[in-house]
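Trainee: Below is one structure. I have some questions about it.
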Amino acid sequence: MEENEKLVNMKVLYYILAFGMLLGSLNAQTPTASYPFNGNAEDVSGNGNHGILEGNNHPVLTEDRFGNPNSAYEFGGFHNPNWIRIPNHPSLSLDTAFSISVWLKQCSFDGMDGFGRLSPTGNHVFFSKAGDGVAARPGIWMGRGLNQEGSTRKWIGNRSTGTDQGTNFIENFVVRCIDECEWIHYAFTFENTQMRFFLNGILFEEREINQVDFTVANQEDIYI
């Protein structure tokens, strides 16, 4: 692994290239929201769910995994928090079947712990819709970090980590230690009580979860 960029010198948390949501039947081919980030944060699905750049300093355009300029966004990390907000809309309401996919490249694992402090193995939430899994109301969120053994920890949840709220869930997946600054593709599919996690296009794990209630999430904006 390459050495982490540290503290105030840390600029890059992760890049994101292309983010998409597909709602309804998983056999459907048309995404509800799709963000190739080809020069902007606009939704190309035709549903008008365009992203808004926000934060202390806005995310900046950078190269994608093919070296194309202005085709991915670079985020600032712990010391320069910024994000892309997608205003809530009925077309983004989650039900019993949907999928979320994202390409990302993470160049430092210095992140925030559950108390908002800097940690070398901190958490990085790269998608949320109502909450980040710690103290917020249950929504849906996914993130990435390292465990104490140095393996990459991927997690997705619909409830606070500190409570047990019936129809909501939280799942962790430990995968090999992926080199920093390597482009990775994550995809999650949900269909009733079945969840599948795909890593770089390959089914990594399939799990049964409770029937999930997304009432809270469906009242909130999306954050990348």
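Trainee: Given the structure, is residue 147 in contact with a strand residue (DSSP E or B) (Cβ under 7 Å, 6 or more places away or on another chain), at pLDDT below 85 and surrounded by fewer than 16 Cβ atoms within 10 Å (Cβ to Cβ)? Give the derivation first.
Mentor: Values: in contact with a strand residue (DSSP E or B) (Cβ under 7 Å, 6 or more places away or on another chain): yes; at pLDDT below 85: yes; surrounded by fewer than 16 Cβ atoms within 10 Å (Cβ to Cβ): yes.
Spelling it out, residue 147 is indeed in contact with a strand residue (DSSP E or B) (Cβ under 7 Å, 6 or more places away or on another chain), at pLDDT below 85 and surrounded by fewer than 16 Cβ atoms within 10 Å (Cβ to Cβ).
Trainee: Can you find, within region 56-77, the residue that is farthest from residue 123 (Cα to Cα) among those that are more than 16 Å from the chain's Cα centre (by Cα) and touching a residue at least 40 places away in the same chain (Cβ under 8 Å)?
Mentor: 71
Trainee: Moving on to the next point. Of 40, 49, which residue is touching a helix residue (DSSP H, G or I) at 6+ places or on another chain (Cβ under 8 Å) and at pLDDT 90 or above? Break it down stepwise before answering.
Mentor: Working: 40 fails: touching a helix residue (DSSP H, G or I) at 6+ places or on another chain (Cβ under 8 Å).
Result of the check over 40, 49: 49.
Trainee: Still on this structure, please answer the following. Name the pairs whose Cβ atoms lie under 6 Å apart, with the first residue in region 89-112 and surrounded by fewer than 20 Cβ atoms within 10 Å (Cβ to Cβ), the second among the acidic types (Asp, Glu) and modelled with pLDDT of 85 or more, and 6 or more positions between them or separate chains?
Mentor: 97/191
Trainee: Continuing with this model, one more query. Filter region 183-217 for residues that are over 16 Å from residue 143 (Cα atoms) and among the charged types (D, E, K, R); which is surrounded by the fewest Cβ atoms within 10 Å (Cβ to Cβ)?
Mentor: If we take residues in region 183-217 being over 16 Å from residue 143 (Cα atoms) and among the charged types (D, E, K, R), then 208 is surrounded by the fewest Cβ atoms within 10 Å (Cβ to Cβ).
Trainee: While we're looking at this one, here's another question. Suppose we filter 109, 75, 126 for residues that are of a type in the set (Phe, Trp, Tyr) and either modelled with pLDDT under 80 or more than 23 Å from residue 182 (Cβ to Cβ) (or both); which single one remains?
Mentor: Details: 75 fails: either modelled with pLDDT under 80 or more than 23 Å from residue 182 (Cβ to Cβ) (or both); 126 fails: either modelled with pLDDT under 80 or more than 23 Å from residue 182 (Cβ to Cβ) (or both).
One residue alone meets the criteria, 109.
Trainee: I would also like to ask the following. Identify, please: which residue in region 49-72 is assigned to a strand (DSSP E or B) and at negative phi and is, among those, surrounded by the most Cβ atoms within 10 Å (Cβ to Cβ)?
Mentor: Initially, region 49-72 is screened for residues assigned to a strand (DSSP E or B), giving 52-55, 60-62, 72.
When the remaining residues are screened for being at negative phi, the result is 52-54, 60-62, 72.
Working: 52: 12, 53: 16, 54: 13, 60: 14, 61: 19, 62: 18, 72: 26.
Going through the qualifying residues, I end up with 72.
Trainee: Moving to a separate point now. Can you list the strands (runs of 3 or more DSSP E) found entirely within region 73-135 that contain at least 2 residues being within 25 Å of residue 191 (Cα to Cα)?
Mentor: On the way: elements: 82-86, 97-106, 124-129.
The strands (runs of 3 or more DSSP E) meeting that bar are 97-106, 124-129.
The values are calculated or read from the model by the stated rules, or taken from the named source; none is laboratory data. Predicted, not measured: the structure shown is a model, and the values here were computed from it. Neighbour counts are summed over all protein chains in view; Cβ atoms, including those assigned to glycine, are modelled from backbone coordinates with ideal geometry.
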